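Shown next, in structure tokens, is the structure this report addresses.
The values are calculated or read from the model by the stated rules, or taken from the named source; none is laboratory data. These numbers were taken from a predicted model, which means no experiment stands behind them. Methodologically, a virtual Cβ is constructed for each residue, glycine included, from the backbone with ideal geometry; neighbour enumeration extends over all protein chains shown. Only protein heavy atoms, including side chains, enter the accessible area calculation; ligands, DNA and RNA are left aside. Shrake-Rupley method; radii C 1.70, N 1.55, O 1.52, S 1.80 Å.
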Amino acid sequence: MLTNDSRNRTLSLISFLVTGLIFSFVGFPKTLFGTAVILVALLAMLPFSKNYVPALWYLGFSAVITFITFLSIPSMISLPIVILVSAVFFYLAVKTGKGDGEVDI
């Protein structure tokens with residue numbers, strides 16, 4: 001039987017995979033704009049946060065998805081690639097994320 005924590009993690013993984021698929025479905029010019037917005041947001045965050053490095057995975061994720069959409073790979077090939085890339089970046093997000101009770105000083 002799944003514990004509450006493993007259910008939450010499974011639901012988070014599924015949600016992130018769906019997010020990656022939706023982001024890839026919008027197509028190249030829009031994914032490039034989304035990646036640019038994330039880059040500007042990270043740059044705006046620099047003066048206010050000492051610990052921005054754990055958020056860099058999201059810029060990498062959006063850049064990889066943008067590159068996949070730029071290649072215009074047929075959807076039957078790109079879907080498994082996007083799912084695999086999303087799973088890898090979900091793992092990176094979990095590993096670099098802060099746990100409960102950790103405070104950015």
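Here are the numbers:
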| item | result |
| --- | --- |
| Close pairs (7 angstrom Cβ cut-off, 6 or more residues apart or separate chains): under 27 Å from SER78 (Cα atoms) in segment 28-51, open to solvent by 60 Å² or more (accessible area, probe 1.4 Å) anywhere | PHE28/PHE70; ILE38/TYR58 |
| Matching residues, segment 37-55, being surrounded by 13 or more Cβ atoms within 10 Å (Cβ to Cβ) and outside any loop (DSSP other than H, G, I, E, B) | ILE38, LEU39, LEU42, PRO54, ALA55 |
| The one condition in (1) in contact (Cβ under 8 Å) with a residue 60 or more places away in the chain; (2) open to solvent by 60 Å² or more (accessible area, probe 1.4 Å) that ASN8 fails to fulfil | (1) |
| Filter pass, LYS30 being under 19 Å from VAL85 (Cβ atoms) and open to solvent by 90 Å² or more (accessible area, probe 1.4 Å) | yes |
